[in-house]
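Remarks on the structure that follows.
The values are calculated or read from the model by the stated rules, or taken from the named source; none is laboratory data. In this text the structure is predicted, and so the values were computed from the model without any measurement. Cβ atoms come from the backbone with ideal geometry, glycine included; neighbour counts cover every protein chain shown.
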DNA sequence: CTGTTAGCGCCTTCAT
DNA sequence: ATGAAGGCGCTAACAG
């Protein structure tokens, strides 16, 4: 039960191997009739090209690499979904690696990808260090950063407008009459955290509201982080009337804390999340949140990556920023 | 900036290409000294073997395919995480495809995978039809079904004990004094739905409780499905005091419906979910649910798949069933 | 329009 | 212990 090769087809059709190649690859210089015959036979024999042979010759693989920080995080799986879908449409396969937000893993993932001979790479970089990204810059492999970027590095990236998203969220809270708005933000080494803090400050400034240090809490990633930071904040002297969270996860933790303390949402406390995860609208108090176009983000990144692959010469950095949408629900 | 090949190493070391090959592949018949030198040079030149050339010769790729029904579903992304992690440890890369629970997509995904020349395939089959699985059985590609299986087909699979999981959940509700326990189950064509219904019935039977047709609701997949089926059920004459749900998603919908109707959980209504998704413990009423060892499921499937690959001759179907765990929280 | 030839990089005989 | 030669399947010259 060996694989069918072009040679088998050639033999059966009584032509040479590369006439078969011409037919199969839609090349010129071939008689329409013979072409039809060959295609017929190929189909009948259920011929599948050997990708290794193809790859060996062309050093193109029709395979893209995707490195994500955590497949189980709905944000990244949303990205992945968009990428996979578009890749399929474009005839590309994708190889996936998960770094668990760990820089060591990122190093080895990038190494593996370089060895894989993929045509291009999409990566949501762990952001503690930019070493691997700089290594990628020195390699010939085209790559696109996904959802996060490095300020100092001139790379291609596709991200969302975090400044704008945070601005909208904060402004909405201000419009609702809140003045003491605490932000429970993500780790400051992640670009989206930094940008959202900027958006938050901008909105506060624009409305003449002071931002005290105590109103900025950081390093919240998990639900538990949100819970603990919120509790700590409620125990302090100045209690916020509104909290803007780094993610819906974090908001979930905040809601839990509020419940335990006996604060009504949105009566005593307004809460805004980020991401519009599937559960946001189904909570006891449906959550106001900033929706990220996850799937489009993935699609756009794939598209960008293909442009890079097909562009012979180096081109200017493609830096795409997608808009977010504030989804207003009952929590504010 | 061409890739370094064995020839480059050979030249630099002043030996022949295949002495290099011997050194690199840890073969006998080579002088320790030359071997060391060669490895040194390879390292220095940052040599990476060309996978296509290797694949072309060996027809082994160190790549596995994974076909999941929906990457964005936490259950599947949990599987994927486990698979990816173990694969990496074993030196395999994985190619991922998403079928969106659509049979047409599954057909093309399987075709693609067959063309990819992967060494093995893990698949969570769409369950409307088993045609693609039968096609796989006729192919030489080793494959393992993941989380779902077909009763009629003698394939390798790795699943969880759905009968047992449902039994535990139902029994727990019975022990809490409930008699009118409604099950909001998934689509009956999915094996896990069928098995869970069996577990539910078993538990009811064992405790002498009657199961009326009206107590069995099906085809719930999304949060919305759970919401609507629950509403319909509450509007009927016989109101359940407990609901056992196909997933935590579905349970979320049920909770939403209960809230709107003014039923207190667990006072008026006990709710059990399935999966132990990350949000289950953070709800206003933390959810009792059946925990599935998602990551292990993936790891086990990978392990099984590697056994198949390394086993020369056909072996008896490996059918693995992992245990689940009932996690009791405030909703019951 | 079609066939012949060479070679992508590697590994496996076989000979030395 | 090492080298030379052939071929995996395909495609891109170049001939005819």
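Residues in region A:51-64 that are touching a residue at least 24 places away in the same chain (Cβ under 8 Å) and at the interface with chain B (Cβ under 7 Å from one of its Cβ atoms): A:55 alone.
Of A:123, A:83, A:67, all but one fail to be at the interface with chain B (Cβ under 10 Å from one of its Cβ atoms), crowded, with 21+ Cβ neighbours inside 10 Å and more than 16 Å from DNA strand C (Cβ to nearest atom); the exception is A:83. Within region A:33-48, the set of residues being in contact (Cβ under 8 Å) with a residue 24 or more places away in the chain and within 16 Å of DNA strand D (Cβ to nearest atom) comprises A:38, A:41, A:42, A:45, A:46, A:47, A:48. Taking the criterion of being in contact with a strand residue (DSSP E or B) (Cβ under 9 Å, 6 or more places away or on another chain) and over 14 Å from residue B:200 (Cβ atoms), the residues of region B:155-176 that qualify are B:155, B:156, B:157, B:158, B:159, B:160, B:176.
For the condition more than 10 Å from every other protein chain (Cβ to nearest Cβ) and buried (at least 22 other Cβ atoms within 10 Å of the Cβ), residue A:96 does not qualify.
Tally up the residues in region A:33-86 that are in a helix (DSSP H, G or I) and more than 13 Å from the chain's Cα centre (by Cα), please. Count: 22. Mind checking whether some residue in region A:132-144 is assigned to a strand (DSSP E or B) and surrounded by fewer than 20 Cβ atoms within 10 Å (Cβ to Cβ)? No, region A:132-144 has no match at all.
Return the only residue of A:253, A:262, A:267 being under 31 Å from the mean Cα position of the chain (by Cα) and not assigned by TED's automatic domain parsing to the domain that holds residue A:73. Exactly one of A:253, A:262, A:267 is under 31 Å from the mean Cα position of the chain (by Cα) and not assigned by TED's automatic domain parsing to the domain that holds residue A:73, namely A:253. Has region B:192-205 got any residue that is out of contact with any helix residue (DSSP H, G or I) (no Cβ under 9 Å at 6 or more places or on another chain) and either at pLDDT 95 or above or away from every other protein chain (no Cβ under 14 Å) (or both)? Scanning region B:192-205 turns up at least one residue that is out of contact with any helix residue (DSSP H, G or I) (no Cβ under 9 Å at 6 or more places or on another chain) and either at pLDDT 95 or above or away from every other protein chain (no Cβ under 14 Å) (or both).
In region B:99-118, what residues are without any contact (Cβ under 8 Å) to a residue 12 or more places away in the chain and either more than 10 Å from chain A (Cβ to nearest Cβ) or in contact with a helix residue (DSSP H, G or I) (Cβ under 6 Å, 6 or more places away or on another chain) (or both)? If the condition is that a residue be without any contact (Cβ under 8 Å) to a residue 12 or more places away in the chain and either more than 10 Å from chain A (Cβ to nearest Cβ) or in contact with a helix residue (DSSP H, G or I) (Cβ under 6 Å, 6 or more places away or on another chain) (or both), then B:104 is the only one that fits. In summary, strands (runs of 3 or more DSSP E) completely within region A:213-332 and bearing 1 or more residues that are touching a residue at least 40 places away in the same chain (Cβ under 8 Å), crowded, with 24+ Cβ neighbours inside 10 Å and in contact with a strand residue (DSSP E or B) (Cβ under 8 Å, 6 or more places away or on another chain) occur at A:242-245, A:270-275, A:288-291.
If I filter region B:94-110 for residues that are modelled with pLDDT under 85 and either under 30 Å from residue B:146 (Cβ atoms) or away from DNA strand D (no atom under 16 Å from the Cβ) (or both), do I get at least one hit? No, that holds for no residue.
Taken over region A:49-68, residues that are at pLDDT 90 or above and within 8 Å of DNA strand D (Cβ to nearest atom) amount to 0. Only one entry in A:15, A:20 is surrounded by 14 or more Cβ atoms within 10 Å (Cβ to Cβ), within 11 Å of DNA strand C (Cβ to nearest atom), away from chain B (no Cβ under 14 Å) and within 29 Å of residue B:118 (Cα to Cα), namely A:20. Of the residues making up region B:1-12, those that are more than 14 Å from chain A (Cβ to nearest Cβ), within 19 Å of residue A:115 (Cα to Cα) and more than 7 Å from DNA strand C (Cβ to nearest atom) number 2. The set of residues in region B:23-43 being within 11 Å of DNA strand C (Cβ to nearest atom) and out of contact with any helix residue (DSSP H, G or I) (no Cβ under 6 Å at 6 or more places or on another chain) consists of B:24, B:25, B:26, B:27, B:28, B:29.
Got at least one residue in region B:44-63 being buried (at least 21 other Cβ atoms within 10 Å of the Cβ) and away from DNA strand C (no atom under 13 Å from the Cβ)? Yes, there is a match, as at least one residue in region B:44-63 is buried (at least 21 other Cβ atoms within 10 Å of the Cβ) and away from DNA strand C (no atom under 13 Å from the Cβ). For region A:1-16, a residue qualifies if it is part of a helix (DSSP H, G or I) and over 26 Å from residue B:141 (Cβ atoms), and exactly one does: A:13. Among the residues examined, residue B:91 does not qualify as out of contact with any strand residue (DSSP E or B) (no Cβ under 8 Å at 6 or more places or on another chain), assigned to a helix (DSSP H, G or I) and over 18 Å from residue A:93 (Cβ atoms).
Consider region B:23-32 and keep the residues that are in a helix (DSSP H, G or I) and crowded, with 16+ Cβ neighbours inside 10 Å. The one that is farthest from DNA strand D (Cβ to nearest atom) is B:24.
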